[in-house]
Amino acid sequence: MDDADQRARIAAARDAVGRHGRLIRTARHGKLLSDAMLPLFKLRVPRGYGVLTTTGRKTGLPRPKCVRVLREGDRAYLVQLMPPQITLARPDAVNAWLRNVRADPAVTLRLPDGEYRGTAREITDPAELETARALLCGTVVPFDFGECAVHLRGRPSRAKIRELHDYWFRTGRAVAIDLD
């Protein structure tokens with residue numbers, strides 16, 4: 001287990017107990033939530049979110065996924081999320097969409113201002129990680145309040161949303177999409 005996996009496990013252990021709601025407990029639950037949001041996102045993508053379409057590594061079929069994503073110039077940033085229980089058990093676990101990106105980094109990203117083609121990659125550069133962290137953890141948009149209500153117990157607030165986004169950044173895998 002590398003240092004990043006160990007840090008993810010520690011963060012999950014500290015934040016998981018009693019704070020997270022019971023709705024999203026497995027990767028399958030996350031997929032079901034994304035599938036439920038997809039028809040709404042096809043009508044109108046909310047600010048701060050998008051529809052990431054990867055190519056299935058086994059099937060070759062398009063695989064759309066609702067994601068929290070923020071764009072800065074010709075680059076978009078997002079984080080692969082994992083429920084705390086999975087992060088504790090398998091800190092090196094990877095979601096299907098990230099496995100698809102690893103197999104074929106060409107993606108399509110639908111944002112509120114249009115659809116873009118791009119190349120996705122996991123962020124390894126420390127300076128770029130800090131840029132992504134500042135953007136993803138420091139930005140709160142209206143849809144985040146509903147997202148916070150789904151993932152955390154209690155009433156959503158800007159502070160709780162920032163804490164949730166920071167937790168996701170510490171336990172997830174940061175991804176950049178270089179837009180064409």
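Any residue in the stretch 32-46 that's among the small types (Gly, Ala, Ser): show its pairings with residues that are surrounded by 13 or more Cβ atoms within 10 Å (Cβ to Cβ) at Cβ separation under 7 Å, as long as the two are six or more apart or on different chains.
Partner pairs satisfying both residue conditions: 34/65; 34/66.
Restricting attention to the stretch 79-88, which residues are assigned to a helix (DSSP H, G or I) and either aliphatic (A, V, I, L, M) or within 19 Å of residue 55 (Cα to Cα) (or both)? Show your work before the answer.
Residues of the stretch 79-88 assigned to a helix (DSSP H, G or I): 84-88.
Hits for the stretch 79-88 are 86, 88.
Looking only at the stretch 122-145, how many residues end up being within 30 Å of residue 61 (Cβ to Cβ) and open to solvent by 70 Å² or more (accessible area, probe 1.4 Å)?
Restricting attention to the stretch 122-145, the residues satisfying the condition of being within 30 Å of residue 61 (Cβ to Cβ) are 122-124, 132, 136, 143.
This time we only want the ones that are open to solvent by 70 Å² or more (accessible area, probe 1.4 Å), so: 124, 143.
Selection size over the stretch 122-145: 2.
For the stretch 89-102, give me each residue that is open to solvent by less than 60 Å² (accessible area, probe 1.4 Å) and either in a loop (DSSP other than H, G, I, E, B) or touching a helix residue (DSSP H, G or I) at 6+ places or on another chain (Cβ under 7 Å) (or both).
Taking the stretch 89-102 and keeping what is open to solvent by less than 60 Å² (accessible area, probe 1.4 Å), we get 91, 93-98, 100-101.
Of everything in the stretch 89-102, those that are open to solvent by less than 60 Å² (accessible area, probe 1.4 Å) and either in a loop (DSSP other than H, G, I, E, B) or touching a helix residue (DSSP H, G or I) at 6+ places or on another chain (Cβ under 7 Å) (or both) turn out to be 91, 93, 94, 95.
Inspect all residues belonging to the stretch 57-78 and state whether any of them is in a loop (DSSP other than H, G, I, E, B) and in contact with a helix residue (DSSP H, G or I) (Cβ under 6 Å, 6 or more places away or on another chain). First the steps, then the outcome.
Going through the stretch 57-78, the residues in a loop (DSSP other than H, G, I, E, B) turn out to be 57-61, 73-74.
Going one step further and asking which of them are in contact with a helix residue (DSSP H, G or I) (Cβ under 6 Å, 6 or more places away or on another chain), we end up with 57.
Yes, that holds for at least one residue.
What number of residues in the stretch 103-120 are in contact (Cβ under 8 Å) with a residue 24 or more places away in the chain, open to solvent by less than 30 Å² (accessible area, probe 1.4 Å) and over 16 Å from residue 68 (Cβ atoms)?
Within the stretch 103-120, residues that are in contact (Cβ under 8 Å) with a residue 24 or more places away in the chain, open to solvent by less than 30 Å² (accessible area, probe 1.4 Å) and over 16 Å from residue 68 (Cβ atoms) number 2.
Counting only residues that are part of a strand (DSSP E or B), open to solvent by 20 Å² or more (accessible area, probe 1.4 Å) and in contact with a Lys or Arg (Cβ under 7 Å, 6 or more places away or on another chain), how many does the stretch 146-178 have? Steps first, please.
Quick first cut of the stretch 146-178, residues part of a strand (DSSP E or B) only: 152, 173-178.
From what's left, open to solvent by 20 Å² or more (accessible area, probe 1.4 Å): 173, 178.
Now narrow it down to the ones that are in contact with a Lys or Arg (Cβ under 7 Å, 6 or more places away or on another chain): 178.
Residues flagged as part of a strand (DSSP E or B), open to solvent by 20 Å² or more (accessible area, probe 1.4 Å) and in contact with a Lys or Arg (Cβ under 7 Å, 6 or more places away or on another chain) within the stretch 146-178 amount to 1.
Go through the stretch 46-88 residue by residue and tally those that are farther than 18 Å from residue 175 by Cα and surrounded by 16 or more Cβ atoms within 10 Å (Cβ to Cβ).
4
Keeping to the stretch 121-137, report how many residues are more than 15 Å from the chain's Cα centre (by Cα) and touching a residue at least 24 places away in the same chain (Cβ under 8 Å).
Adding up the residues that qualify gives 2.
Just checking, does the stretch 141-161 include any residue being farther than 17 Å from residue 34 by Cβ and in contact with a His (Cβ under 9 Å, 6 or more places away or on another chain)? Explain how you work it out, then say what you get.
At the first step, the residues of the stretch 141-161 found to be farther than 17 Å from residue 34 by Cβ are 141-142, 145, 152-161.
Within this subset, residues satisfying the condition of being in contact with a His (Cβ under 9 Å, 6 or more places away or on another chain) are 152-153.
Yes - at least one qualifying residue is present in the stretch 141-161.
The values are calculated or read from the model by the stated rules, or taken from the named source; none is laboratory data. These figures come from a predicted structure and were not determined experimentally. Glycine also receives a Cβ, built like all others from the backbone with ideal geometry; neighbour counts cover every protein chain displayed. Note: areas computed on protein heavy atoms with side chains; ligands, DNA, RNA excluded. Shrake-Rupley method; radii C 1.70, N 1.55, O 1.52, S 1.80 Å.
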